[in-house]
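All remarks here apply to the structure that follows.
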(Lines give C-alpha, C1' and ligand atoms only; values in the text may rest on other atoms or scores of the structure.)
Protein backbone atom coordinates (compact mmCIF):
# COMPACT_ATOMS: atom_id res chain seq x y z
CA UNK A 1 0.00 0.00 0.00
CA UNK A 2 1.28 3.47 -0.87
CA UNK A 3 2.06 5.62 2.16
CA UNK A 4 3.30 9.12 2.75
CA UNK A 5 5.33 10.46 5.65
CA UNK A 6 3.91 13.38 7.59
CA UNK A 7 5.48 15.36 10.43
CA UNK A 8 3.45 15.20 13.64
CA UNK A 9 2.90 18.68 15.11
CA UNK A 10 2.24 17.23 18.57
CA UNK A 11 5.16 14.87 19.02
CA UNK A 12 7.69 16.04 16.45
CA UNK A 13 7.96 12.43 15.32
CA UNK A 14 7.23 10.72 12.01
CA UNK A 15 3.83 9.13 11.55
CA UNK A 16 2.63 7.10 8.59
CA UNK A 17 -0.52 8.23 6.85
CA UNK A 18 -2.19 5.82 4.44
CA UNK A 19 -3.08 6.96 0.95
CA UNK A 20 -5.47 5.30 -1.45
CA UNK A 21 -3.80 2.61 -3.52
CA UNK A 22 -3.21 3.46 -7.16
CA UNK A 23 -5.55 0.92 -8.72
CA UNK A 24 -7.22 1.01 -12.12
CA UNK A 25 -10.99 0.95 -12.47
CA UNK A 26 -11.25 -1.29 -15.54
CA UNK A 27 -12.85 -4.19 -13.65
CA UNK A 28 -15.38 -2.29 -11.53
CA UNK A 29 -18.28 -3.60 -13.64
CA UNK A 30 -16.81 -7.11 -14.11
CA UNK A 31 -19.13 -10.02 -13.37
CA UNK A 32 -18.63 -13.81 -13.39
CA UNK A 33 -18.91 -15.37 -16.84
CA UNK A 34 -20.05 -18.96 -17.36
CA UNK A 35 -17.53 -21.09 -19.23
CA UNK A 36 -17.05 -24.83 -19.68
CA UNK A 37 -13.43 -25.53 -18.72
CA UNK A 38 -13.90 -29.27 -19.27
CA UNK A 39 -13.07 -28.88 -22.96
CA UNK A 40 -10.88 -26.80 -25.23
CA UNK A 41 -7.75 -26.79 -23.03
CA UNK A 42 -4.67 -25.94 -25.09
CA UNK A 43 -6.73 -25.04 -28.14
CA UNK A 44 -9.15 -22.42 -26.82
CA UNK A 45 -7.67 -21.63 -23.42
CA UNK A 46 -4.69 -22.22 -21.16
CA UNK A 47 -4.01 -21.50 -17.53
CA UNK A 48 -1.10 -20.20 -15.47
CA UNK A 49 -1.10 -21.32 -11.85
CA UNK A 50 1.63 -20.73 -9.30
CA UNK A 51 1.95 -23.17 -6.40
CA UNK A 52 4.27 -23.25 -3.43
CA UNK A 53 6.93 -25.94 -3.62
CA UNK A 54 6.39 -28.32 -0.69
CA UNK A 55 10.13 -28.43 -0.06
CA UNK A 56 11.59 -24.93 -0.55
CA UNK A 57 8.39 -22.89 -0.42
CA UNK A 58 9.13 -21.07 -3.68
CA UNK A 59 6.36 -19.97 -6.02
CA UNK A 60 6.51 -22.08 -9.18
CA UNK A 61 4.41 -22.06 -12.36
CA UNK A 62 3.25 -25.58 -13.15
CA UNK A 63 0.46 -27.46 -14.90
CA UNK A 64 -0.48 -30.80 -13.38
CA UNK A 65 2.02 -32.79 -11.28
CA UNK A 66 5.77 -32.35 -11.47
CA UNK A 67 8.95 -31.79 -9.47
CA UNK A 68 10.54 -28.41 -8.94
CA UNK A 69 13.82 -29.29 -10.69
CA UNK A 70 11.88 -30.54 -13.72
CA UNK A 71 10.32 -27.13 -14.43
CA UNK A 72 13.07 -24.78 -13.21
CA UNK A 73 16.85 -24.87 -12.92
CA UNK A 74 17.22 -25.70 -9.25
CA UNK A 75 18.56 -28.38 -6.95
CA UNK A 76 15.21 -28.57 -5.20
CA UNK A 77 13.19 -31.65 -6.12
CA UNK A 78 10.07 -30.66 -4.21
CA UNK A 79 6.66 -31.90 -5.31
CA UNK A 80 4.38 -29.57 -7.29
CA UNK A 81 0.73 -29.98 -8.23
CA UNK A 82 -1.84 -27.73 -9.86
CA UNK A 83 -5.29 -28.58 -11.18
CA UNK A 84 -6.22 -25.33 -12.90
CA UNK A 85 -9.81 -24.03 -13.01
CA UNK A 86 -12.19 -26.03 -10.82
CA UNK A 87 -15.41 -24.07 -11.45
CA UNK A 88 -17.14 -23.42 -14.76
CA UNK A 89 -16.96 -19.64 -14.68
CA UNK A 90 -14.32 -16.94 -14.71
CA UNK A 91 -13.78 -13.33 -13.65
CA UNK A 92 -12.63 -10.96 -16.45
CA UNK A 93 -9.40 -8.97 -16.25
CA UNK A 94 -10.08 -6.09 -18.70
CA UNK A 95 -6.99 -4.51 -20.21
CA UNK A 96 -4.68 -7.02 -18.51
CA UNK A 97 -1.07 -6.05 -19.31
CA UNK A 98 1.07 -7.79 -16.67
CA UNK A 99 3.52 -10.57 -17.38
CA UNK A 100 1.19 -13.54 -16.95
CA UNK A 101 3.63 -15.64 -14.92
CA UNK A 102 4.38 -12.72 -12.60
CA UNK A 103 0.63 -12.25 -12.16
CA UNK A 104 0.14 -15.92 -11.31
CA UNK A 105 2.92 -15.75 -8.72
CA UNK A 106 1.40 -12.60 -7.21
CA UNK A 107 -1.70 -14.62 -6.27
CA UNK A 108 0.10 -17.83 -5.27
CA UNK A 109 -1.43 -17.68 -1.79
CA UNK A 110 -4.98 -17.48 -3.16
CA UNK A 111 -7.22 -20.22 -4.63
CA UNK A 112 -7.13 -18.71 -8.11
CA UNK A 113 -5.18 -18.93 -11.34
CA UNK A 114 -4.86 -16.83 -14.50
CA UNK A 115 -6.66 -18.04 -17.62
CA UNK A 116 -5.71 -16.94 -21.13
CA UNK A 117 -8.28 -17.28 -23.91
CA UNK A 118 -6.40 -17.89 -27.14
CA UNK A 119 -9.17 -16.81 -29.54
CA UNK A 120 -9.50 -13.23 -28.30
CA UNK A 121 -6.22 -12.88 -26.37
CA UNK A 122 -8.07 -11.97 -23.18
CA UNK A 123 -7.26 -12.88 -19.58
CA UNK A 124 -9.32 -13.74 -16.52
CA UNK A 125 -9.20 -15.13 -13.01
CA UNK A 126 -10.54 -18.61 -12.33
CA UNK A 127 -11.06 -20.43 -9.05
CA UNK A 128 -8.85 -23.41 -8.28
CA UNK A 129 -10.90 -24.36 -5.22
CA UNK A 130 -14.35 -24.01 -3.72
CA UNK A 131 -16.51 -25.15 -0.86
CA UNK A 132 -17.16 -21.68 0.58
CA UNK A 133 -17.86 -18.13 -0.50
CA UNK A 134 -14.50 -16.91 -1.82
CA UNK A 135 -15.48 -13.30 -2.51
CA UNK A 136 -12.80 -11.92 -0.14
CA UNK A 137 -10.13 -13.96 -1.93
CA UNK A 138 -11.32 -12.89 -5.38
CA UNK A 139 -11.26 -9.21 -4.38
CA UNK A 140 -7.75 -9.68 -2.99
CA UNK A 141 -6.62 -11.20 -6.28
CA UNK A 142 -7.95 -8.19 -8.19
CA UNK A 143 -6.05 -5.89 -5.81
CA UNK A 144 -2.80 -7.81 -6.22
CA UNK A 145 -3.14 -7.47 -9.98
CA UNK A 146 -3.68 -3.70 -9.75
CA UNK A 147 -7.46 -3.50 -10.07
CA UNK A 148 -10.16 -1.99 -7.90
CA UNK A 149 -12.46 -4.87 -6.89
CA UNK A 150 -15.67 -5.39 -8.90
CA UNK A 151 -18.88 -4.01 -7.38
CA UNK A 152 -20.36 -7.48 -7.92
CA UNK A 153 -18.61 -8.43 -4.66
CA UNK A 154 -19.63 -5.35 -2.66
CA UNK A 155 -21.83 -7.43 -0.34
CA UNK A 156 -18.92 -9.32 1.20
CA UNK A 157 -19.89 -12.20 3.50
CA UNK A 158 -19.26 -12.21 7.25
CA UNK A 159 -17.45 -15.19 8.75
CA UNK A 160 -17.04 -16.22 12.35
CA UNK A 161 -13.65 -14.89 13.43
CA UNK A 162 -13.49 -12.18 10.76
CA UNK A 163 -12.42 -12.05 7.09
CA UNK A 164 -10.94 -15.39 5.95
CA UNK A 165 -7.98 -13.53 4.47
CA UNK A 166 -7.15 -11.93 7.84
CA UNK A 167 -8.01 -8.54 9.39
CA UNK A 168 -5.28 -6.48 7.68
CA UNK A 169 -6.02 -7.86 4.22
CA UNK A 170 -9.73 -7.50 4.94
CA UNK A 171 -9.31 -3.79 5.70
CA UNK A 172 -7.39 -3.38 2.45
CA UNK A 173 -10.23 -4.98 0.49
CA UNK A 174 -12.84 -2.76 2.16
CA UNK A 175 -10.80 0.38 1.49
CA UNK A 176 -10.42 -0.57 -2.17
CA UNK A 177 -14.12 -1.40 -2.44
CA UNK A 178 -14.84 2.13 -1.20
CA UNK A 179 -12.78 3.40 -4.14
CA UNK A 180 -14.85 1.25 -6.53
CA UNK A 181 -18.07 2.66 -5.09
CA UNK A 182 -16.78 6.25 -5.33
CA UNK A 183 -15.76 5.82 -8.96
CA UNK A 184 -19.08 4.20 -9.81
CA UNK A 185 -20.95 7.03 -8.07
CA UNK A 186 -18.94 9.57 -10.06
CA UNK A 187 -19.98 7.79 -13.25
CA UNK A 188 -23.62 7.82 -12.15
CA UNK A 189 -23.43 11.51 -11.31
CA UNK A 190 -22.00 12.14 -14.78
CA UNK A 191 -24.85 10.19 -16.37
CA UNK A 192 -27.36 12.28 -14.38
CA UNK A 193 -25.83 15.50 -15.75
CA UNK A 194 -25.97 14.12 -19.30
CA UNK A 195 -29.56 12.98 -18.78
CA UNK A 196 -30.55 16.44 -17.53
CA UNK A 197 -28.92 17.97 -20.61
CA UNK A 198 -30.80 15.57 -22.88
CA UNK A 199 -34.11 16.37 -21.19
CA UNK A 200 -33.52 20.08 -21.73
CA UNK A 201 -32.63 19.43 -25.35
CA UNK A 202 -35.76 17.35 -25.93
CA UNK A 203 -37.87 20.07 -24.28
CA UNK A 204 -36.29 22.69 -26.56
CA UNK A 205 -36.96 20.53 -29.62
CA UNK A 206 -40.55 20.08 -28.52
CA UNK A 207 -40.98 23.83 -28.03
CA UNK A 208 -39.43 24.57 -31.42
CA UNK A 209 -41.81 22.10 -33.04
CA UNK A 210 -44.82 23.78 -31.42
CA UNK A 211 -43.65 27.19 -32.67
CA UNK A 212 -43.25 25.89 -36.23
CA UNK A 213 -46.69 24.31 -36.14
CA UNK A 214 -48.24 27.56 -34.93
CA UNK A 215 -46.60 29.48 -37.79
CA UNK A 216 -48.13 27.12 -40.33
CA UNK A 217 -51.68 27.56 -39.03
remark   = Of the residues in region 20-58 that are closer than 24 Å to residue 78 by Cβ and more than 21 Å from the chain's Cα centre (by Cα), the one that is surrounded by the most Cβ atoms within 10 Å (Cβ to Cβ) is 53
message = Restricting to region 96-108, and then to whatever is in contact with a strand residue (DSSP E or B) (Cβ under 8 Å, 6 or more places away or on another chain) and in a loop (DSSP other than H, G, I, E, B), can you tell me which residue is surrounded by the most Cβ atoms within 10 Å (Cβ to Cβ)?
response = 107
query = Which residues, counting only those in region 146-165, are surrounded by 10 or more Cβ atoms within 10 Å (Cβ to Cβ) and more than 18 Å from the chain's Cα centre (by Cα)?
reply = 159, 162
ask   = Would you pick out the residues in region 56-79 that are closer than 27 Å to residue 143 by Cα and not in a loop (DSSP other than H, G, I, E, B)?
value = 59, 60, 61, 64
task = Could you check, for region 185-206, whether at least one of its residues is part of a helix (DSSP H, G or I), at negative phi, out of contact with any helix residue (DSSP H, G or I) (no Cβ under 9 Å at 6 or more places or on another chain) and modelled with pLDDT of 95 or more?
result = no
ask   = Inside region 135-165, can you point out the residues that are in a loop (DSSP other than H, G, I, E, B) and without any contact (Cβ under 8 Å) to a residue 24 or more places away in the chain?
value = 155, 156, 158, 159, 160, 161, 162
query = Based on what the data block shows, is residue 210 assigned to a helix (DSSP H, G or I), within 30 Å of residue 143 (Cβ to Cβ) and out of contact with any helix residue (DSSP H, G or I) (no Cβ under 7 Å at 6 or more places or on another chain)?
reply = no
Qualifying residue in region 125-134 (condition: farther than 25 Å from residue 64 by Cα, touching a helix residue (DSSP H, G or I) at 6+ places or on another chain (Cβ under 7 Å) and modelled with pLDDT of 95 or more) = no
request  = Restricting attention to region 6-38, report how many residues are at pLDDT below 75, within 30 Å of residue 125 (Cβ to Cβ) and part of a loop (DSSP other than H, G, I, E, B).
outcome  = 3
ask   = Can you spot a residue in region 40-55 that is touching a strand residue (DSSP E or B) at 6+ places or on another chain (Cβ under 6 Å) and either modelled with pLDDT under 90 or over 22 Å from residue 138 (Cα atoms) (or both)?
value = yes
ask   = Looking only at residues in region 111-132 that are without any contact (Cβ under 8 Å) to a residue 40 or more places away in the chain and part of a loop (DSSP other than H, G, I, E, B), which one is surrounded by the most Cβ atoms within 10 Å (Cβ to Cβ)?
value = 111
task = Name every residue in region 59-95 that is on the phi > 0 side of the Ramachandran plot, in contact (Cβ under 8 Å) with a residue 40 or more places away in the chain and surrounded by fewer than 15 Cβ atoms within 10 Å (Cβ to Cβ), in order of residue number.
result = 95
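The values are calculated or read from the model by the stated rules, or taken from the named source; none is laboratory data. Since this is a predicted model, take the numbers as computed values, not measurements. A quick note on method: Cβ atoms are made from the backbone with ideal geometry, for glycine too, and the neighbour counts reach across all protein chains shown.
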